[in-house]
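The structure appears right after this line, and notes come after that.
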Amino acid sequence: MDATKILLLPGLGDSDPGHWQSRWERANPRWRRVVQRDWERPVYDDWRAALETAVAASGPDTVLVAHSLGCLLVNRWAAQTGLTIRGALLVAPPDPHRPGFPPQVSGFAELPLRRLPFATLVVASGDDPYAAPGFARRCAEAWGGRLVELGNAGHINTASGHGAWPQGRALLDELLGGP
């Protein structure tokens, strides 16, 4: 795992200091957040360019750890890039076609439903306000990933009580093939 590079991909609004992504980043100084130009009004092409640059610099032994809108970014980026990565942990993917999807988000509605070319673990909640039950299951099946359902866990963020989220860290370790 020491050679593996971890890139963190927050969703809309970035991850607040108490969010599990922010906590993991502070606990692992070599892990890097992919910083977006505009966290509040995401434009897919801008976010994709930032991810492409980060992965190009990080190399093929990279694992992406995405939350919410970051999951949609990874999915669509994978269909467009020529770069390779080792895997992705995709947590709480939102349904871009669900009523109430944030209107300030631009260009994320396209959702390729094809197998991702890397190991994928999709983590979902039964009461996620941004995705109907079953949405993550359909995504995991289409993307060729393993699905982990947490029961009713909200959006798997700070507001739903997932601070340090040790269960998520264990899932990342499992994806990486280590303890």
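Convert each backbone phi in segment 109-119 into a coupling constant with the Karplus relation 6.51 cos²θ - 1.76 cosθ + 1.60 (shift: θ = phi - 60°), then list the ³J(HN,Hα) values in order as whole Hz, x for Gly and Pro.
Each residue's phi maps through the Karplus curve to give 5, 5, 10, x, 9, 9, 4, 7, x, 7, 4 Hz.
Taking amide H atoms as placed 1.01 Å from N in the peptide plane, list the residues 5 or more away in sequence, or in a different chain, whose amide H sits under 5 Å from that of Lys5.
Thr62, Val63
Taking amide H atoms as placed 1.01 Å from N in the peptide plane, list the residues 5 or more away in sequence, or in a different chain, whose amide H sits under 5 Å from that of Thr120.
Those qualifying (amide H under 5 Å, at least 5 residues apart or on another chain) are Ala88, Arg146.
Given N residues in the chain, what is Rg(Cα) / (2.2 N^0.38 Å)?
Normalised Rg, Cα atoms only: 0.92.
Heavy-atom accessible area per residue, segment 31-179, 1.4 Å probe: how many Å²?
Heavy-atom accessible area per residue stands at 44 Å².
The values are calculated or read from the model by the stated rules, or taken from the named source; none is laboratory data. Here the structure is a predicted model, which is why all the values come from computation and not from measurement. Surface areas here come from the heavy atoms of the whole protein model, side chains and all, with no ligands, DNA or RNA. Shrake-Rupley method; radii C 1.70, N 1.55, O 1.52, S 1.80 Å.
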